[in-house]
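For reference, the structure discussed in these notes is given below.
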Amino acid sequence: MQLAGTQFTNSSAILGNDISTLPDFPAEIRAPAGTLAGVSGFQVHFSSLDIHTPGDRLNSLVAMNPAALKTNLKDLESGGILIVNTDAFGTGDLHKAGYKTNPLEDGSLKGYRVFRIPINKLNREAVAEVKLSPREADRCKNFFALGLVYWLYERPLEPTLRWIRDKFGKNPAVMEANTRTLKAGYNYGETTETMPVHYRVPPASIKPGTYRKITGNEAVAMGMVAAANIANKPLIYASYPITPASDILHYLADLKRYGVKTIQAEDEIAAIGMAIGAAFGGALGVTATSGPGICLKSEAIGLAVITELPVIIIDVQRGGPSTGLPTKTEQADLLQAMFGRNGECPVAIVAPCSPADCFAMIFEAFRIATRFMTPVFFMSDGYLANGAEPWLIPKVEDLPKIQVNHPLTPNSNGNGEAHFLPYKRDERLVRQWALPGTPGLEHRIGGLEKEDVTGNVSYDPINHEHMIKTRAQKIANIAEEIPELAVAGPAEGDLLVLGWGGTYGSVVTAVQRAQRKGYKVAQAHFRYLNPLPKNTPEVLKRYKKILVPELNRGQLSWLLRALYLVDAVGLNKIQGRPFLVSEIEEKIDQMLSK
Amino acid sequence: MATASSLPTLTAKDLATDQEVRWCPGCGDYSILAQMKKALAGLGIPRENMVFIAGIGCSSRFPYYMNTYGFHTIHGRAPTFATGLKAFRPDLSVWVITGDGDGLSIGGNHLIHSIRRNVDIKIILFNNEIYGLTKGQYSPTSRQGTRTKSSPLGSIDNPVHPLSIAIGAEATFVARTLDVDINHLTGVLKRAADHKGTAFVEIYQNCKIFNDGVFEYATDKSVKADNTLFLEHGKPMIFGKDRNKGIRLHGLDPEVVDLGSGITADDLLIHDERAEEPSLAYLLSRMVYPRFPECVGVYRCVRRPTYEEQLDQQIQEVIQKKGRGKLEELFTSDDTWVVK
């Protein structure tokens, strides 16, 4: 089902529609077919307009079995198109999904435009002449449904036919079967006239240029390769497989001819250790994980803070605590990234706001890490990681520059002998990144508190406090080199809706609707979480009320309240799913309609 | 080999830092530090290309006392930092300093995995069979029955043998030496430095404060010849003050035999450090005092491609086949469309 969804998305993108997707699949690899837990879904929103979310309500739903129907019917708009595979509604199938009566017969679907199609049977007929086992033949049935939906929305078949040739070229029977059933589905729509409707969605008017579809995880991988290339640095990526971050490892492992070195570490701790070791040697060291992995990496991140080494930690957030909801999205690691280490241990934090924005923000993460000699957290989430949208392919010469300097000569002549002082700082409080192999700069760093400037082990109480404050001030200084918080909408007014990370699309769409209703409401989004942009307190003052929608119990609100003494109101959803636009819209209504 | 005129000549003094060494008086670490400096000074490796990486524990303060690049990391994880560094810096000579607690307890996992990958790093494990820095609890190598603050009635944990672990993970270089046998110690460190691949060296190191004399049977001049066996490649395994005892294989088990009365050197095991199969080396690692003399020296030294060599090789091969990747190509590696 994920393949079929991806193909539909690609075809729509190539047609010029704006797109946004929400894959939704179980944590189990082969969850029992036909059960509620085993439903694998793919939601795609495509439009002739500029869109920011995968959509609140479904216009059309394809249910391949009763479990899929039961899980997703509540999202289908009333009067929406419902295509059901009638071959999968036997007594056993109904029982597995917990239906006591057959919804196709008991009248419960009368609010929808239901199309009953025996997809199993039609698919088997379509592939009958290809030599496949019955089991293999049945596996093609999603492509019959895909062909039918292609007809319904007038999508071209060619991109998918090409994909089938590339993907199954080595297995001619499977290639042939998928080709036939895709076409059969399309032709079924065209010739049988069972479906009285047929839609044409013209291209969206978006900025001219060359586009491709991109998921957040792909954008992170490409952004890292690009940043390393621009900075002329080796990229060392070490990680331990974990959902939903593993795809980054898969993409990068396949990019060896770009010089990328990937290491699949023995555990989460090893992965961050390797990334820090690489940073010590002068590489762009990166590790990616999800919340449980961050827990394990915390001690090492503290080491990178005290040794002031640039390393990137990508957190593709998922539902927690503990193992939680591995395949579902959440934003509940923000305070973990801020504070989840022993001691006073500040790090820089950035967060992309859309799948394509992952490219821009991983670039920023590298820039900040190397400019300020600090670990940087990159807070993605399951929705951003797997969701897709069009990406305007940048020109290589237009990419931001990342300049990295390493000292080649000693920085002190203190006691008459030239030597290197590892904690000698510039005016921004940043130390130099001296690399092993450079003669005369031999030095030692480590997790024990160090005397400022010399880097000698020091237990001096005053020095300790000085170093704590220095490390904090260095992170605060990053605010001088990041963009200010931009506001969309009135410069002052009744309400400011403030988001961060993956909620951007829903927040923007909800605020735009509220603005059309005449509300004095503005929207702003944090892509830099630590430090926050320096105009933040000034922006907050210009609005009577502050609303912070988050997929957690109010972690950004908590920070804003603590930092700025503002009465930030939270809109909090912790269901493993992104916000619906309507949920935010309703909250805005409720706050402003009095 | 270190005397070639083009190579820098270092002395042990060049490798000393200005930091005061803070181990307890009489600690075995002092000897190891001195021999390390001596061994490295003679290798012809420029000082700036040496990196010492340590975890946590008494031994792990080592990097602060070596005037090279150094990284004092976190408990048990030093091999991971070394792996990340060495993965793209084959030019560096990377040494991991660890102890029995750091390397085999909290860091056991990383020890095994860095060894099996055969990263070209030198792991030097100071085994004193005790936790020193936390003031005297039993360690994973403490013999059963060791009485400490945390085991007042004697420890009940079965100890691990560091070399058995290393050989089990198929280390390409495995050796044991003694803190007080300075010539042997220097020799083993030099051999480890020369080895390409993971070198694992266990050093019996006396903790004067919390476990004094635990290796006396192997280091005391009056008894050591009977309790240790110094391995020599290609030589029969003979030991004893009078060189009159040897190790013979009986089925799958080693046994101690007296030479003479029909048994000659020809009946004894011949030490072969280059054997591809690690089984015999493993048997030797299982020989424990008092049942056996404990083997000292190089157990195993074989060549296998290193992790970083293979990482590079894969990259070079794919570049040769498909050309070096360009960003433009990467960005357009999926279907694209043009909006006008």
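Each value in this text was obtained by applying a stated rule to the coordinates, not by laboratory testing. Everything quoted here is computed from the prediction, not taken from an experiment. Using ideal geometry, Cβ is built from the backbone for each residue, glycine included, and neighbour counts are taken over all protein chains shown.
For the cross-link pairs A:Lys167/A:Lys261; A:Lys74/A:Lys545; A:Lys131/A:Lys170; A:Lys70/A:Lys96, which exceed 22 Å when the distance is taken from alpha carbon to alpha carbon? The pairs that break the limit, which is 22 Å between Cα atoms, are A:Lys167/A:Lys261; A:Lys74/A:Lys545. Just to confirm the number: angle between the C-alpha axis of helix B:28-41 and the first principal axis of chain B, 0 to 90 degrees, nearest 10? Around 50 degrees separate the two axes.
Between A:Ser322 and B:Arg286, what is the FRET efficiency for a Förster distance of 56 Å, r being their Cβ-Cβ separation, to the nearest 0.05? About 0.90, to the nearest 0.05. The GluC sites (Glu not before Pro) of segment B:258-340 that DSSP puts in a loop, and whose beta carbon has at most 12 other beta carbons within 10 Å, are B:Glu276.
May I ask what percent, to the nearest 5, of DSSP beta bridges between residues of segment A:2-192 are antiparallel?
Details: 7 of 17 bridges.
If I count the DSSP bridges inside segment A:2-192, around 40 percent turn out antiparallel.
Only sites in a loop by DSSP and with at most 14 other Cβ atoms within 10 Å count here; which GluC sites (Glu not before Pro) in segment A:17-117 make the cut?
Values: sites: A:Glu28, A:Glu77, A:Glu105; in loops: A:Glu28, A:Glu105.
Hits after loop and neighbour filter: A:Glu28, A:Glu105.
Shape of segment A:307-390 from the C-alpha gyration tensor: oblate (a/c of 1.5 or more and a/b not above b/c, with a ≥ b ≥ c the square roots of its eigenvalues).
Per-residue Karplus couplings for segment A:316-332, computed as 6.51 cos²θ - 1.76 cosθ + 1.60 with θ equal to phi - 60°, are listed in order as 8, 5, 9, x, x, x, 6, 5, x, 10, x, 9, 10, 8, 6, 10, 8 Hz, Gly and Pro entered as x.
Between the DSSP loop rule and a limit of at most 16 other Cβ atoms within 10 Å, which trypsin sites (Lys or Arg not before Pro) in segment A:1-83 are left?
Values: sites: A:Arg30, A:Arg57, A:Lys70, A:Lys74; in loops: A:Arg30, A:Arg57.
Here the trypsin sites (Lys or Arg not before Pro) that fit, given the DSSP loop and packing criteria, are A:Arg30, A:Arg57.
Its DSSP H runs of at least 4 residues, each contributing -39,500 (n - 2.57), put the calculated 222 nm mean residue ellipticity of chain B at -7500 deg cm²/dmol, to the nearest 500.
What FRET efficiency, computed as 1/(1 + (r/R0)^6) with R0 = 51 Å and r the Cβ-Cβ distance, is obtained for A:Thr86 and A:Glu481, rounded to the nearest 0.05?
Details: r = 61 Å, r/R0 = 1.19.
Given R0 = 51 Å and the Cβ-Cβ separation, E is 0.25.
Each DSSP beta bridge with both residues in chain A is either parallel or antiparallel, and the antiparallel ones are about 30%. Across the cross-link table entries A:Lys474/B:Lys122; A:Lys256/A:Lys297; A:Lys256/B:Lys196; A:Lys534/B:Lys340; A:Lys450/B:Lys135, which are compared at the Cα atoms, the separations over 28 Å belong to A:Lys474/B:Lys122; A:Lys534/B:Lys340. Sequence-distant contacts, meaning Cα pairs under 8 Å at least 6 residues apart, place the relative contact order of segment A:253-364 at 19 percent.
Non-local amide H neighbours of A:Leu496 (under 5 Å, H modeled in plane, Pro and chain starts lacking H): which ones? Hits under the 5 Å cutoff: A:Ala522, A:Lys545, A:Ile546, A:Leu547.
Relative to the Cα centre, what is the charge dipole magnitude of chain B, using +1 at the beta carbon of each Lys and Arg, -1 at the beta carbon of each Asp and Glu, and rounding to the nearest 20 debye?
500
Ordering A:Leu182, A:Phe46, A:Ala434 by the projection of their Cα atoms onto the charge dipole of chain A, which places +1 on the Cβ of Lys and Arg and -1 on the Cβ of Asp and Glu, puts A:Leu182 at the extreme positive end. In order along segment A:578-592, phi translates into HN-Hα couplings of x, 5, 7, 4, 4, 5, 6, 4, 4, 5, 4, 3, 4, 6, 10 Hz, rounded to whole numbers, per the Karplus curve 6.51 cos²θ - 1.76 cosθ + 1.60 with θ = phi - 60° and x for Gly and Pro.
Dipole check for the protein assembly as shown: with +1 at the C-beta of Lys and Arg, -1 at the C-beta of Asp and Glu, and the Cα centre as origin, the magnitude is about 1220 Debye. Straight distance only, please: which aspartates and glutamates reach the Cα of A:Lys544 with their own Cα at less than 19 Å, same-chain residues fewer than 8 apart left out? Filter leaves A:Glu492, A:Asp494, A:Asp567, A:Glu585, A:Glu586, A:Asp589. Taking amide hydrogens as placed 1.01 Å from N in the peptide plane, the amide H of B:Leu259 sits under 5 Å from those of B:Lys245, B:Gly246, each at least 5 positions away in sequence or on another chain.
In order along segment A:23-30, the phi-based Karplus estimate (6.51 cos²θ - 1.76 cosθ + 1.60, θ = phi - 60°) of 3J(HN,Hα) comes to x, 9, 9, x, 6, 6, 5, 10 Hz; Gly and Pro are listed as x.
Close amide H pairs (under 5 Å, H built 1.01 Å from N) link A:Asp333 with no residue at least 5 positions away or on another chain.
Principal-axis analysis of the Cα atoms of chain A puts helix A:2-14 at an angle of about 80° to the longest axis. Give the lysines reachable from B:Lys235 as a straight Cα distance under 18 Å; neighbours fewer than 8 places away on the same chain don't count. The reachable lysines, counting only those whose Cα sits under 18 Å from B:Lys235, are B:Lys245.
Distance from a point 7 Å along Cα→Cβ of A:Lys167 to each backbone N in segment A:1-34: keep the residues under 19 Å and list them by number. Once the point is set 7 Å along Cα→Cβ of A:Lys167, A:1-15, A:20-26, A:29-31 turn out to lie under 19 Å by backbone N, inside segment A:1-34.
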